[in-house]
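Comments concern the structure below.
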Amino acid sequence: MSVSRDDFSIAFRSALLQRGASQKFSILSLIVIALIIFFLDVYGFTVVKSARSFINDVVYRVTYLVSAPTRMFPNLNSGITSHFNLKKENEELKQVIENYKRLELNLEFLTNENQSLKKVLNAENISNVANLVLSKVLVDRNSPFLKSILINKGSRAGIKKGMPVTQNEYLVGRIVETNYLSSRVLLLGDLNSRIPVTLGTDGAQAILAGSGSHHTRLEYLPEGYEIEEGVSVFASGKDGVFFPGTPIGQTNDEGGVKLFVDPNQLSFVTVVLINPTKDKL
Amino acid sequence: MAKGNFLHKLYAAGPLLLLYYWSISENEANLEKVFEIFSFNLQLIIIYFWIIKRPSLMGAGHIFFVGLINDVIMSFPLGISSLSYLVVCFVGNYVRNKSVNTTIASDWFTFFIALILSNLLFFSLLSNFSDIAISYSKIGYNTFFTLFLFPVFWLLFNIYQMTFIGGQDA
């Protein structure tokens, strides 16, 4: 009995404290450091906040660069297919076509980017461009727990926590974290997202809540209110964050709201530079 | 000779590189777009397998650092993923110390314990010390699929180990 207890304690201690040639730190020391960092971050020490902001900017940039090959893969794939077809048709022009193709890919990318930017600029019906910041989506890593995107503009561009984010005038979400060069946007489908909305022409008030997926649902509707399919949903602006009347989506047959903007297809978004009167997060 | 040595070092660094790449890139094991409830935590599988089989390839310092990167990318409080990964690392170390030989079944069972402890710590800290709301059903699905897919990755990593790294288990 005592031998087995000894065995247990030896294995336990060894697992926690063991160090070797490749294990420069014991697990116990790293757990203690992780706990210290965790509590410093949770209780919002200024030093940790500034450090975190700096680390965020660096890591987001690195993530964007590291993910570049996976973003380019579909283009490369179609390029290779096209290459083999052309080779069959005309061997002599292979080299020339290859060169053109490289240029074409570059041109296509630039054209698409240009069109997206134009679309955003036209659709926003800009009366005061100074109040809008156009941003590119850096990372849209789809976590099972948090629905958010990272954009390439931060406090340097005047972005603050709580500001609304739109695409083609449609509401996408709001800023929940700002760094100097980047920000995080909480999407409407996130479980933590709650937005006061107005329904259709009768002006019924409700709260649009995220469900943790890309679906949303309506809460706190007037008593006895029956949701009909196809009713437009707008931001009511009662929270002092979103402009009243910003279109969000339409009700569907399941009683939820189908968003006008597909959160999986975001490449450029616009941040509206207003000072939110309430800090929701 | 030098070239062979370099290649061997590169193959040996493979698991760690995969762990870093998976944490820092946009790729993730969350296929909600394909199948709504499907998501799993590949980092935990990588850490546990290599800690059990070849601890020399998976330094605790690297695991700690990967956790910090994951927290930044996922917007979790700093240090929480590191703690969760280190718990898996600890259970792996303990199991390795106590076992003479391991099989896929024994590894699967002990991974279940590591996964439960790690997720318990992670989500308790998150729900008590952070404002982030998390769906419990998603946690359940994530844990289930991580556990369910462990044998698949066990086999893949084992093939990689035998083919490219060689040598005996720890």
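Readers should treat all values here as calculations from the given coordinates under stated rules, not as data from a laboratory. The structure presented is a predicted model; accordingly, all values stated were derived computationally and were not measured. Note that each Cβ is placed from the backbone with ideal geometry, even for glycine, and that neighbours are counted across all protein chains shown.
For peptide B:95-105, the mean count of partner chain Cβ atoms within 10 Å of a residue's Cβ comes to 2.
According to the calculation over all Cα-Cα pairs in the stretch A:157-238, the P(r) per 5 Å bin from zero is 3, 14, 22, 24, 18, 10, 6, 3, 1, 0 %. Between A:Phe39 and A:Asn275, the simple spin-label model (points 7 angstrom out along Cα→Cβ) gives 3.7 nm. For the stretch B:91-128 versus the stretch A:177-229, the spacing of their alpha-carbon centroids is 38 Å. Each Cα pair under 8 Å and six or more residues apart adds its sequence gap; the mean of these over the residue count of chain B is a relative contact order of 28 percent. Greater than 24 Å separation of Cα atoms is the criterion. Which listed pairs, B:Lys53/B:Lys138; A:Lys153/A:Lys238; A:Lys24/B:Lys9; A:Lys136/A:Lys161; A:Lys147/B:Lys138; A:Lys160/A:Lys258, meet it? Listed pairs above 24 Å: B:Lys53/B:Lys138; A:Lys153/A:Lys238; A:Lys160/A:Lys258. For chain B, take the longest principal axis of its alpha carbons; what is the angle in degrees between that and the long axis of helix B:80-98, to the nearest 10 within 0 to 90? Roughly 40 degrees, rounded to the nearest 10. Of the GluC sites (Glu not before Pro) found in the stretch A:183-281, the ones in coil according to DSSP and having at most 13 other Cβ atoms within 10 Å of their Cβ are A:Glu223, A:Glu226, A:Glu228, A:Glu229, A:Glu254.
Mean residue ellipticity, 222 nm, helices only, chain B: the sum of -39500 (n - 2.57) across DSSP H runs of n ≥ 4, divided by residue count and rounded to 500, is -24500 deg cm²/dmol. The label-point distance for A:Lys136 and A:Gln205, in a model that sets each label 7 Å from Cα toward Cβ, rounds to 4.2 nm. For the stretch A:193-281, the set of chymotrypsin sites (Phe, Trp or Tyr not before Pro) satisfying both a DSSP loop assignment and a count of at most 16 other C-beta atoms within 10 Å is given as A:Tyr220, A:Tyr225. Helix B:104-129 and the long axis of chain B differ in direction by around 40°, with both axes built from C-alpha atoms. Overall shape: prolate for chain B, with the ratio a/c of the largest to smallest alpha carbon gyration tensor axis at 1.5 or above and a/b above b/c.
What shape does the stretch B:34-119 take by its C-alpha gyration tensor, where a ≥ b ≥ c are the square roots of the eigenvalues and a/c under 1.5 counts as rounded, a/b above b/c as prolate, and the rest as oblate? The shape class here is oblate. Note on A:Tyr180 and B:Leu117: the model spin-label points, each 7 Å out from Cα along the C-beta direction, lie 4.1 nm apart. A Förster radius of 41 Å, combined with the Cβ-Cβ distance separating B:Leu17 from A:Val96, puts the computed FRET efficiency at roughly 0.60. Once the Cα atoms are used to define both axes, helix B:42-53 deviates from the longest principal axis of chain B by about 40 degrees.
Computed from the alpha carbon positions, the gyration tensor of the stretch A:187-281 leads to an equivalent ellipsoid with semi-axes of 20, 17, 12 Å, biggest first.
Between B:Phe148 and B:Asn97, full extension at 0.36 nm per residue minus the direct alpha carbon distance yields a gain of 15.9 nm.
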